[in-house]
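Undergrad: Below: one structure in structure tokens.
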Amino acid sequence: MRIMLSALAVLAAGPVLAEPPRVVVDTPVTASLVNQVMGDLGQARILLAQGASAHHHQMRPSDARDLQDAGLLIWTGPELTPWLDRAAASVAGDVAQVRLLAVPGTHLRGYGAGAGDHAHDTGSESGHDSGSVDPHAWLDPANGQLWLGTVAEALAKADPANAAVYAANAAAAATRVRDLEADLQARLAPFRDDSIVAFHDAYGYFTDHFGLRPAIAISLGDASTPSAARLAEIRSRIAATGARCAFPEYGSDPRLVETVVEGTPVRIGAELTPEGSGGAAGDDLYGRILTGLGDALTECLSQD
């Protein structure tokens, strides 16, 4: 009995095995990447409800509690979710954090920049400050692959016992992204010289990466109907570039796109969603976003 009690005492005094950290993320897109790396070890708590605006969310008391109880916060950055900036700063000393847009090696571009341009370039028609960082960086699959590795490293630091699992999951997820990237490259290659019209300037990372022409952005950022002068300018650009397709966007009035292309030969394509809004959240959301953009573009542009 004494031997058994002694053994139990030794076990009780031994180190407690680490558990996967409680991870909080800003958006369903970030959750998709994080959850692929966590695998069966856990699921991230998402602050932003599916379909809600990433730019205008209001922190709730439950969000604040989850953030305070978190072991790791992974978010895109204040460029996308400014409502999280102050709360993240308030727990910076207690909660480990990863800002994806600040990860070294991330390809950044500026609003209104042309294909291949980066965030320091100027010239904007999107209603954002000239040269301000476009936060939709996940639409570049190279960024997605980079971030998967970053997430694995952050999780391994918080939970060394499962470091190998995180690394393996991240590698498998990155392979899936590379396979999808290759498929999209092949499907989109025939349309690299085609001009398109989009609701607002949110797709530059996608068009840059796949060698497509930058989309002509309709909205100046406030989603209002364009002025007569703006309408004339857009139509002039449509005529000059021979734009073939225009795409409405989830959560925005499609009549704005219809008004812009009325009287032109431009076809209206499927609704785009850079954040995957309108669909179900899930570990596969990231892949579905990229696939959805590719499907919408190829379906419309392939029509005679």
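What follows is calculated from the coordinates using simple rules that are stated; it is not laboratory data. All values derive from a computational prediction rather than experimental measurement. Positions of Cβ are generated from backbone atoms using ideal geometry, with glycine treated the same way; all protein chains shown enter the neighbour counts.
Undergrad: With each pseudo-label sitting 7 Å past Cα toward Cβ, what's the His107-Asp94 distance in nm, one decimal?
TA: Those two pseudo-labels are separated by 4.0 nm.
Undergrad: Right, something else. Based on the Cβ-Cβ distance of Ala229 and Ile268, what FRET efficiency does E = 1/(1 + (r/R0)^6) give at R0 = 25 Å, to the nearest 0.05?
TA: 0.60
Undergrad: Grab the beta carbon distance between Ser53 and Ala167, set R0 = 35 Å, and tell me the FRET efficiency rounded to 0.05.
TA: 0.55
Undergrad: Same structure, new question: Please report, in debye to the nearest 20, how large the charge dipole of segment 191-301 is about its Cα centre when each Lys and Arg carries +1 at its beta carbon and each Asp and Glu carries -1 there.
TA: Computed about the Cα centre, the dipole is about 440 debye.
Undergrad: With the dipole of segment 147-263 worked out from charges on the C-beta (+1 for Lys and Arg, -1 for Asp and Glu) around the Cα centre, which of Ala240, Val151, Ala174 lies farthest toward the positive end?
TA: The residue sitting most towards the positive pole is Ala240.
Undergrad: What percent of all Cα-Cα pairs in segment 191-301 falls into each 10 Å bin, going from 0 up to the bin containing the maximum distance?
TA: Result, from short to long distances: 14, 49, 30, 6, 0 percent.
Undergrad: Here's another thing I want to ask about it. Provide the packing ranking of 66-73, 262-269, 171-178, 152-159, i.e. peptides ordered by the mean count of other C-beta atoms within 10 Å per residue, highest first.
TA: Highest-to-lowest ranking by the protection proxy: 152-159, 66-73, 171-178, 262-269.
Undergrad: List the residues, sorted by chain then number, that are 5 or more residues from Leu272 or on another chain and whose placed amide H is less than 5 Å from its amide H.
TA: Correct list: Glu249, Tyr250.
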